[in-house]
Amino acid sequence: MRWQIRQAVLSDFRWLVRVDSLAENDDDRRTQIAIAISKGQCWVACDAGDPAVPVGYGCLDKSFFGEWFVPLVIVSNAHRRCGIGRKIIAHLEHCSSATKIFTSTNMSNTPMRQLLAQLGYQSSGVVENLDPGDPELIFMKVLDE
Ligand SMILES: CC(C)(COP(=O)(O)OP(=O)(O)OC[C@H]1O[C@@H](n2cnc3c(N)ncnc32)[C@H](O)[C@@H]1OP(=O)(O)O)[C@@H](O)C(=O)NCCC(=O)NCCS
């Protein structure tokens, strides 16, 4: 498969809700996705041969103390471990044109932590008390080296 990343359009919404199992039952997540699409802050990954069907998505905004931030990266269960998550984050880094970029994940999220380590992100702090017993780890990558 040849994966391509493109900006999300409104018609992607119904696919992204399927890609993201949390969104199926979580109104707030669906609203978050819809707002990101409408603001031009969402990018999707598709098979180049089937560009209308996203298999993953990522969002980029400046919601973290005014800094570039990746609040969400999700790849469908069926397409994990094919390099799509890596490709989405690399694309978001490029889109930011920033000198540094932040993201975060739960301490328990080994796949995301491994992905960030592979992409050269460094630890940038811990936020307790969001999810009980599962601290939120903040990561940062310098992009202008
Ligand atoms: C985290 C997530 C986006 C990774 O997407 P992915 O497309 O499967 O990741 P990639 O295939 O690009 O993996 C790149 C690297 O990340 C690491 N990685 C990914 N999944 C992993 C897993 N299950 N266990 C350990 N390491 C993993 C590996 O280092 C991997 O490189 P390798 O395959 O060469 O060993 C995906 O697991 C996901 O959607 N998880 C649920 C949503 C989520 O937790 N998002 C992050 C917080 S918003």
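If each DSSP helix of 4+ residues adds -39,500 (n - 2.57) and the sum is divided by the residues in the chain, what number results at 222 nm, nearest 500 deg cm²/dmol?
-9000 deg cm²/dmol
Taking the dipole about the Cα centre of the chain, with the C-beta of Lys and Arg at +1 and of Asp and Glu at -1, give me whichever of Val17, Ile74, Ala45 is farthest to the positive side.
Ala45
Under 15 Å between C-alpha atoms is the cut-off here; go through the stretch 3-142 and count lysine pairs that meet it, provided they're at least eight residues apart or on different chains.
Close lysine pairs under the 15 Å cut-off: 4.
Report the full-extension gain for the segment Arg2 to Met107: residue separation times 0.36 nm, less the Cα-Cα distance, to one decimal in nm.
34.7 nm
Once the principal axes of the Cα atoms of the stretch 3-142 are found, what is the range along each, listed largest first in whole angstroms?
Between the extreme Cα coordinates on each principal axis of the stretch 3-142 lie 39, 32, 29 Å.
With the contact rule set at Cα under 8 Å and sequence spacing of 6 or more, what percent relative contact order holds for the stretch 1-90?
Working: 149 pairs, mean separation 26.2, N = 90.
Over the stretch 1-90, the number comes to 29 percent.
Where does the charge balance sit around Ile33 when Lys and Arg score +1, Asp and Glu -1, over other residues with C-beta under 15 Å from its C-beta? Could the numbers behind the result be given before it?
On the way: positive: Arg14, Arg18, Arg29, Arg30, Lys39; negative: Asp12, Asp20, Glu24, Asp26, Asp27, Asp28, Asp61.
Summing Lys and Arg as +1 and Asp and Glu as -1 gives -2.
Can you give the charge dipole size of the chain about its Cα centre, rounded to the nearest 20 debye, using +1 on the beta carbon of Lys and Arg and -1 on the beta carbon of Asp and Glu? Mind showing how you got there, number by number?
Values: 15 positive and 17 negative charges, 105 e Å.
Its charge dipole is roughly 500 debye.
Between Ser21 and Ala34, what is the label-point separation in nm under the 7 Å Cα-to-beta-carbon projection?
Result: 2.4 nm between the two label points.
Near Met1, within a Cβ-to-Cβ distance under 10 Å, what is the net charge of the other residues, with Lys and Arg +1 and Asp and Glu -1?
Values: positive: Arg2; negative: Asp47, Asp50.
Charge balance near Met1 sits at -1.
Each label point is 7 Å from the Cα along the Cα-to-Cβ direction; what then is the distance between the points at Asp144 and Ala90, in nm?
My value for the distance between the label points is 2.3 nm.
Mind ranking Arg81, Arg113 by accessible surface for me, highest first, 1.4 Å probe? All intermediate terms of the calculation are to be shown ahead of the outcome.
Numbers: Arg81 240, Arg113 95 Å².
Listed by decreasing accessible area, they come as Arg81, Arg113.
If Lys and Arg each add +1 and Asp and Glu each add -1, what is the summed charge of the other residues whose beta carbon sits under 14 Å from the beta carbon of Leu137? Don't skip to the answer; put the middle values down first.
Details: positive: Arg113, Lys141; negative: Glu128, Asp131, Asp134, Glu136.
Value of the local net charge: -2.
The values are calculated or read from the model by the stated rules, or taken from the named source; none is laboratory data. As the structure is a computational prediction, the values presented were derived from the model and not from experiment. We place every Cβ from the backbone using ideal geometry, glycine too, and count neighbours over all the protein chains shown. Areas reflect the complete protein model, heavy atoms only, side chains present, ligands, DNA and RNA absent. Shrake-Rupley method; radii C 1.70, N 1.55, O 1.52, S 1.80 Å.
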